[in-house]
Amino acid sequence: MRLCIGRIPVDILDNNEQAKKRIIELANRTNTPSFVVTLNPEIAYRAEIDRRIRYIVRHSSLNIIDGIGIAKIIKWKTGITPTRITGVDTIWQVLMNVDDDIPVFLYGAKPDVLNTVVEKLVSSNPNINIVGISHGYRPWDRVAEEIIKARPRLLLVALGAGRQETFMYHYIRPLTIPILSIGVGGSFDVWSGKVERAPKQVQDLGLEWLWRNIKQPSRIGRLMYSMMYMITALKKEVRECEK
Ligand code: UDP
């Protein structure tokens, strides 16, 4: 089911496993640039104020409910309790299940983080076909050229909320090649072991966002985006999206 919180579509899925299957199916099937968004209140707020981010969020094939805040808004407004689908776990599972049919390009994070992720992926899934990588601190146009040449079917963009959707809008959306792009935020940092995940109990309480902000106080400004979204979303209508 696809619901719209105002202009922002969200897809309600049963669990991470179902999300993984949908993403692999989309990567296999797509014949144009398409997008999956791991939606949280910060990205939703950025989508409200920036038309490029809004374009990606509104034209995506799948917007998974990655942030607990999005699940709460749906619950408060409709009574439906959607399952939170954790992007960082789901996308890792996708990568554990891809083979030659879905060549992968990894873009983003610091060079050492990216290299560690590549090593872990290759040792955990010998069938993975990584056709290109780039760390996240190079000119966007150069990276885009490399992506086009490498011809991945699955592109992971780990530049952080907002920046990654802006990259996709400018450099992937105008292409005519079959490519599924997913913004994965800080997932490379987590997979490499550089950033520690919140303990399971904290995750189960839906307080992972609080943990991240305590661990990295520099994120506090971004927390304001999430708060702003929660306040404004309460005034929005939540209904089934129009086709
Ligand atoms: N990053 C990057 N290029 C930049 C800025 C950030 O590759 O110009 C990377 C950064 O190294 C980190 C990720 O983007 O790996 C952002 O992580 P963050 O935790 O902020 O993402 P979130 O999931 O919160 O959006």
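Here are some notes:
- Scan of the stretch 204-243 for residues that are at pLDDT below 90, part of a helix (DSSP H, G or I) and either touching a Gly at 6+ places or on another chain (Cβ under 6 Å) or more than 19 Å from ALA161 (Cα to Cα) (or both), ordered by number: ASP204
- Just one of the numbered conditions (1) surrounded by 12 or more Cβ atoms within 10 Å (Cβ to Cβ); (2) away from the ligand (no atom under 13 Å from the Cβ); (3) not in a helix (DSSP H, G or I) is not true of ARG138: (2).
- Any hit, the stretch 74-97, residues being among the aliphatic types (A, V, I, L, M), within 19 Å of LYS21 (Cβ to Cβ), touching a Ser or Thr at 6+ places or on another chain (Cβ under 7 Å) and surrounded by 15 or more Cβ atoms within 10 Å (Cβ to Cβ): yes
- Only a single criterion out of (1) within 15 Å of the ligand (Cβ to nearest atom); (2) surrounded by fewer than 16 Cβ atoms within 10 Å (Cβ to Cβ) is not satisfied by LEU205, namely (1).
- When ASP112, ASP101, ASP89 are checked against the criterion of being acidic (Asp, Glu), closer than 23 Å to MET168 by Cβ and part of a helix (DSSP H, G or I), ASP89 stands alone in meeting it.
- Residues in the stretch 215-229 that are of a type in the set (S, T, N, Q) and surrounded by 12 or more Cβ atoms within 10 Å (Cβ to Cβ): GLN216, SER226.
- Residues of the stretch 192-202 that are in contact (Cβ under 8 Å) with a residue 12 or more places away in the chain and assigned to a helix (DSSP H, G or I): SER192 alone.
- One residue stands out among those in the stretch 178-187 that are within 15 Å of the ligand (Cβ to nearest atom) and assigned to a loop (DSSP other than H, G, I, E, B): the one that is surrounded by the fewest Cβ atoms within 10 Å (Cβ to Cβ), which is GLY186.
- Near pairs, Cβ below 7 angstrom, 6+ apart or cross-chain, from the stretch 146-162 (within 17 Å of TRP191 (Cβ to Cβ)) to any residue that is away from the ligand (no atom under 16 Å from the Cβ) and assigned to a loop (DSSP other than H, G, I, E, B): LEU154/VAL98; LEU154/ILE102
- Qualifying residue in the stretch 188-199 (condition: of a type in the set (Val, Ile, Thr), modelled with pLDDT of 90 or more and more than 9 Å from the ligand (Cβ to nearest atom)): no
- Sole residue being over 17 Å from the mean Cα position of the chain (by Cα) and away from the ligand (no atom under 14 Å from the Cβ), chosen from LEU154, LEU223, LEU175: LEU175
The values are calculated or read from the model by the stated rules, or taken from the named source; none is laboratory data. Please read all numbers here as calculations on a predicted model, not as lab measurements. Cβ: placed from backbone, ideal geometry, glycine included. Neighbour counts: every protein chain shown.
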